[in-house]
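Please treat every number below as a calculation from the coordinates, not as lab data. All figures in this text were calculated on a predicted structure; none of them were measured in a lab. Note: ideal-geometry Cβ built from the backbone for every residue, glycine included; neighbour counts use all protein chains shown.
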Amino acid sequence: MGDLDISQVAGRSGLPASTLRYYEEKGLIASIGRRGLRRLFDPGVVDRLALISLGRAAGFSLEEIGAMLAGGGSPQIDRDALLAKADELEARIARLSAVREGLRHAAACQAPSHMECPTFRRLLKAAARGAFPAARGGAAQIR
């Protein structure tokens, strides 16, 4: 397979050309030349973009991903960082699960008013304590 122009990379990665240019500006990927006005990339850039997408889906910042991809060779993925991110995701899942169950209860609750439902009131108390912000670590506990 030969070099890929930016539109081919966009098609294979599912990312818009503007994102590819941004990633190049940030040093996450590098073009290897031009064909007319179009940037050219090595075919390996598609795998690199898949790693970036996976890292973003896991919640890593572009700076963290860039550090793992630095050097241009094989990615240097910090296993401890992966475990820490997995722990963060587990805590977030627990928080979101608690919210989901609270919402399901509120939707089915037979109390005359949600404000009269003890379970819904516990959910409100947890929210007031800051148990549910998306960026916050730790599992929410509704008591």
>> So for the stretch 51-115, averaging the separation of alpha carbon pairs under 8 Å that are six or more residues apart and normalising by length, what relative contact order in percent results?
In response: 20
>> Please compute, for the alpha-carbon atoms of the stretch 4-69, the extent along each of the three principal axes and give them in descending order in Å.
In response: 36, 19, 19
> Which value, in debye to the nearest 20, gives the size of the charge dipole of the chain about its Cα centre, when Lys and Arg are +1 and Asp and Glu are -1 at the Cβ?
Replying inline: 600
>> Averaging the inverse of every distinct alpha carbon separation and then flipping it gives the Kirkwood radius. What is it for the chain, in angstrom units?
In response: 18.4
>> Can you find, among Ile29, Ala50, Thr119, the residue sitting farthest towards the positive end of the charge dipole of the chain, where Lys and Arg contribute +1 and Asp and Glu -1 at Cβ?
In response: Thr119
> Under DSSP H, which helices of the chain have Cα atoms covering 18 Å or more of the helix axis and a Kyte-Doolittle average no less than 0.5?
Replying inline: 45-58
>> Given bins 10 angstrom wide, list per bin the percent of all Cα-Cα distances in the stretch 35-94, short to long.
In response: 20, 45, 24, 9, 3, 0
